[in-house]
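The values are calculated or read from the model by the stated rules, or taken from the named source; none is laboratory data. What you see is a predicted model, and the numbers here were worked out from it, not measured in a lab. Every residue, glycine among them, receives a Cβ derived from its backbone with ideal geometry; neighbour counts consider all protein chains shown. Areas reflect the complete protein model, heavy atoms only, side chains present, ligands, DNA and RNA absent. Shrake-Rupley method; radii C 1.70, N 1.55, O 1.52, S 1.80 Å.
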Amino acid sequence: MIDDLDLGFDDSERSGDKGKHRRSYVRKRKGESSGGRGKTVLALLMAFVLLGVIGGGAFYGFDRIQSYFVTPDYDGSGSGEVTVEIKQGALLADMANALYTAGVVKSSKAFIEAAEANSRSKNIQPGTYKVRKQMSGEQALIMLLDLKNKVTNGLTIPEGRTAKGIYKLLSEKTEIPVKEFEAAAKDPEALGVPDWWFKRTDGKPVKKSIEGFLYPDTYEIPPKATAEIILSLMVENFVAVTGELKFADQVQKERGGISPYEALIVASLAQAEAGNKDDLGKVARVAYNRVYGEFFCNCLEMDVTVNYYFESIGQEGKRSKDMTPAELDNPKNPYNRKLRGMIPTPINNPGKEALQGAMDPPPGKWLYFVAIDKQGHSAFAETYEKHQKNEAKAREAGII
């Protein structure tokens, strides 16, 4: 049975020359063993490399996956200084994008998460802020909530100021020449006034003017702002406020076919004529009754329109009693107080309450009004006889 086993000896080894062939056999086996170990080592190295690649890929993949769950954010309060503008009506996403673009936060999401976790974030005011680069979202939020970081360059535009008057105020504040504001204002639509505003239903041609669209408010003037940028901010505010009021929709629905632009003109007239905010709606009603009613000359007969014309030609305004008949009824004046129909444009930039008064005036058939006290309240009348009695009261009070 042993003879049947193959122990790896060849025939010569069996026949007797055992020593020689045994040594040869041993050398052969040793050689085979050495090569096998080399292959084993190579295989092990390849395995380690493969594991390294797989491990690195797994780590890279984990890092990628982790980034979906962990918001990219900087640590600490950052360094350096950069200014960021928070625009009027900006949402948290808008603020976050502005901060990210300026290199303040590592991701928009970092700021949004910090703001959503802090109820005070709703108190962030529009304006320009000094902040630092590479800040955590939480630290960026803290800086926006601290008004010490707000760049104060505010300017209040009063209600009822004309465009020319506004240019002067803006020029004094910014040192931008008035001429640059005048040039920018030549194209109201380029400044953001929607083209549909310049439509009338009274058959008169439209004069595209910026007058009426420079909403009176307190504005933070951005650093290095141009005349175009500043006027665009004011127009943007006008569009936002009238949109919130649903001014155009309400006028078209309630004012008997009068266009929103004509109603804006009425708002400017009320702003100029009313001596008290309580009377804004009533003055607007008088303007509607005079121009569109059946019991008057279909003209305004308001001296404020004459003064607007004076300002437009560089002439000083006058009190009503100092105006001559020729000035009151000048055929060359497109704002002539006896001109039939509504005047070409607004005569100033009305505020929110004047807009509301023109949008929804109280009912009444008044055609006349006169101030009767030092608080600016007016007495309104449907007839001229009643109006004369109101004027007598005004004289007694020393108002006129």
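The table below lists the values:
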quantity	calculated
For Asp322, net neighbour charge (Lys/Arg +1, Asp/Glu -1) across residues whose Cβ lies under 13 Å away	0
Stretch gain in nm, segment Asp195-Asp360, where the contour uses 0.36 nm per residue and the Cα spacing is subtracted	57.1 nm
Net charge contributed by nearby residues that have their C-beta within less than 15 Å of Ser108 (K/R +1, D/E -1)	-3
Ranked packing of 235-246, 205-216, 114-125, most packed first, by mean Cβ within 10 Å	205-216, 235-246, 114-125
Residue list for segment 325-356, given a label point 7 angstrom along the Cα-to-Cβ vector of Glu254 and an amide N cut-off under 19 Å	350-356
Kirkwood hydrodynamic radius (C-alpha pairs) into Stokes-Einstein, segment 302-400, 10 °C and 1.306 mPa s, D in µm²/s	103 µm²/s
Where the Cα pairs of segment 156-266 fall when distances are cut into 5 Å bins, in %	2, 12, 22, 23, 18, 11, 7, 3, 1, 0
Potential extension, Lys109-Thr83 segment - 0.36 nm per residue separation minus Cα distance	7.4 nm
Fraction of accessible area attributable to carbon and sulfur, segment 159-198 (%, probe 1.4 Å)	46 percent
Whole-Å semi-axes of the ellipsoid equivalent to segment 115-195 (Cα gyration tensor, √5λ, descending)	35, 15, 13
Average Cα contact separation per residue, segment 122-218, under 8 Å, 6 or more apart, as relative contact order %	27 percent
Under-5 Å amide H pairs with Cys299, H placed in peptide plane, nonlocal only	Gly341
Computed accessible area, Asp279, all protein chains, 1.4 angstrom probe, square angstrom	10 Å²
Accessible carbon and sulfur surface of segment 282-400 relative to its total accessible area, %, 1.4 Å	50 percent
Net charge over other residues, Cβ less than 13 angstrom from the Cβ of Ser312 (K, R count +1; D, E count -1)	-1
Within segment 84-116, backbone nitrogen closer than 18 Å to the virtual label 7 Å beyond the Cα of Asn153 toward Cβ	84-88, 99, 102
Over segment 203-263, relative contact order from alpha-carbon pairs under 8 Å, at least 6 apart, %	25 percent
Cα→Cβ-extended label distance, 7 Å offset, between Lys186 and Asp322, nm	3.4 nm
Gained length - Glu172 relative to Tyr384, 0.36 nm times residue gap less alpha-carbon distance	71.8 nm
Label-to-label distance, nm, for residues given as Lys246 and Lys122 (7 Å Cα→Cβ offset)	2.3 nm
Area accessible to solvent at Asp329, 1.4 Å probe radius, in Å²	70 Å²
